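As structure tokens, the structure follows; a few thoughts come after it.
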Amino acid sequence: MGQKINPLGFRLGTTQSHHSFWFAKPKDFFMGLQEDEKIRNCIKNYVQKKKRISSGFEGIAYMGIQKRIDLIQVIIYIGFPNLLIEGRTRGVEELQINVQKEFHRRLNIAITRIEKPYGQPNILAEYIALQLKNRVSFRKAMKKAIELTEQTGTKGIQVQIAGRIDGKEIARVEWIREGRVPLQTIRAKIDHCSHTIRTIYGVLGIKIWIFVN
């Protein structure tokens with residue numbers, strides 16, 4: 001058939017849950033979605049600004065948002081001790097002050113560390129993007145990413161890169177899979193992410209599917 005669906009949305013209510021928890025009237029629902037997107041973009045922009053100063057990459061797996069009448073609770077799940085943790089309370093307070101300027105409600109930001117960062121597709125995609133920016137061969141970057149993921153005890157992984165790979169004139173799609181990735185089995189817990197990277201040849205797209213259990 002060739003018809004694709006997001007593996008996370010396909011499994012909502014079974015093995016996946018929402019990253020945002022809040023309620024709104026139907027006419028105000030789009031405003032809540034835009035607010036969520038604005039919060040995530042503000043945090044990502046702050047981290048990217050700090051990333052220019054530091055070395056390495058900031059491994060944010062995902063962000064959970066819970067909203068009340070007068071409070072927005074944001075939980076950032078990260079994989080590595082980065083600038084947000086190095087400064088401990090000072091780093092989190094500085095981030096909270098920067099993001100609070102954009103919103104009228106009180107904002108509370110907390111940080112949670114993930115035990116196996118390379119089992120998270122967003123962190124793995126960021127790792128591959130960093131390798132491609134450093135002119136590492138795409139096959140080598142994909143194989144190294146799969147090796148790192150296998151160490152976390154996952155059952156399968158599929159990595160796909162699309163675009164002008166290695167600066168070729170014609171865009172193409174390259175993918176590699178290790179283990180099982182049953183996309184049509186709803187009970188199979190699969191993590192997925194789409195990541196874009198800007199290179200001197202153009203934009204490349206990275207997609208990762210990880211079969212957790």
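Is at least one residue of segment 136-149 of a type in the set (Phe, Trp, Tyr), in contact (Cβ under 8 Å) with a residue 60 or more places away in the chain and open to solvent by less than 60 Å² (accessible area, probe 1.4 Å)? Steps first, please.
Residues of segment 136-149 of a type in the set (Phe, Trp, Tyr): 138.
Those left that are additionally in contact (Cβ under 8 Å) with a residue 60 or more places away in the chain: none.
No - not one qualifying residue is present in segment 136-149.
Would you kindly identify the strands (runs of 3 or more DSSP E) lying entirely within segment 103-213 that contain at least 2 residues that are touching a Pro at 6+ places or on another chain (Cβ under 9 Å)?
Working: elements: 106-113, 156-163, 172-179, 190-199, 202-211.
Filter on segment 103-213 gives 156-163, 190-199, 202-211.
Let's see how each residue does on (1) at pLDDT 90 or above; (2) under 20 Å from residue 77 (Cα atoms); (3) not hydroxyl-bearing (Ser, Thr, Tyr):
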site: 121; (1), (2), (3): yes, yes, yes
site: 125; (1), (2), (3): yes, yes, yes
site: 135; (1), (2), (3): no, no, yes
site: 140; (1), (2), (3): yes, no, yes
site: 146; (1), (2), (3): yes, no, yes
site: 149; (1), (2), (3): yes, yes, no
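List the number of the failed condition for residue 205; all other conditions in (1) surrounded by 12 or more Cβ atoms within 10 Å (Cβ to Cβ); (2) among the small types (Gly, Ala, Ser); (3) more than 19 Å from residue 8 (Cβ to Cβ) hold.
Condition not satisfied by residue 205: (3).
Return the residue satisfying two criteria in turn: it lies in segment 13-44 and is out of contact with any helix residue (DSSP H, G or I) (no Cβ under 9 Å at 6 or more places or on another chain) and either among the small types (Gly, Ala, Ser) or outside the structural domain of residue 106 (by the TED database) (or both), and of such residues it is surrounded by the most Cβ atoms within 10 Å (Cβ to Cβ).
Checked segment 13-44; the qualifying residue surrounded by the most Cβ atoms within 10 Å (Cβ to Cβ) is 32.
Name the residues in segment 114-135 that are touching a residue at least 12 places away in the same chain (Cβ under 8 Å) and either hydrophobic (A, V, I, L, M, F, W, C) or more than 21 Å from residue 213 (Cβ to Cβ) (or both), would you? Walk me through how you get there before you give the answer.
Of the residues in segment 114-135, the ones touching a residue at least 12 places away in the same chain (Cβ under 8 Å) are 114, 116-133.
114, 123, 124, 125, 126, 127, 128, 129, 130, 131, 132, 133 - these are the residues of segment 114-135 that are touching a residue at least 12 places away in the same chain (Cβ under 8 Å) and either hydrophobic (A, V, I, L, M, F, W, C) or more than 21 Å from residue 213 (Cβ to Cβ) (or both).
Look through segment 69-83, keep the residues that are at pLDDT 85 or above and surrounded by 12 or more Cβ atoms within 10 Å (Cβ to Cβ), and return whichever of them is farthest from residue 20 (Cα to Cα).
78
Hey, can you tell me all the residues within segment 98-114 that are modelled with pLDDT under 85 and either more than 18 Å from residue 47 (Cβ to Cβ) or open to solvent by 70 Å² or more (accessible area, probe 1.4 Å) (or both)?
Within segment 98-114, 101, 102, 104, 105 meet the criteria.
Failed condition for residue 90, given (1) modelled with pLDDT of 80 or more; (2) in a helix (DSSP H, G or I); (3) open to solvent by 50 Å² or more (accessible area, probe 1.4 Å), with all others met?
If we test residue 90 against (1) modelled with pLDDT of 80 or more; (2) in a helix (DSSP H, G or I); (3) open to solvent by 50 Å² or more (accessible area, probe 1.4 Å), just (1) comes out false.
Regarding segment 159-170, can at least one residue be identified that is out of contact with any Cys (no Cβ under 9 Å at 6 or more places or on another chain), surrounded by fewer than 20 Cβ atoms within 10 Å (Cβ to Cβ) and within 19 Å of residue 61 (Cβ to Cβ)?
no
The values are calculated or read from the model by the stated rules, or taken from the named source; none is laboratory data. Computed from a predicted structure; not experimentally measured. Cβ sites come from the backbone with ideal geometry, for glycine too, and all protein chains shown count toward neighbours. Protein only, heavy atoms only, side chains kept; ligands, DNA and RNA dropped before computing areas. Shrake-Rupley method; radii C 1.70, N 1.55, O 1.52, S 1.80 Å.
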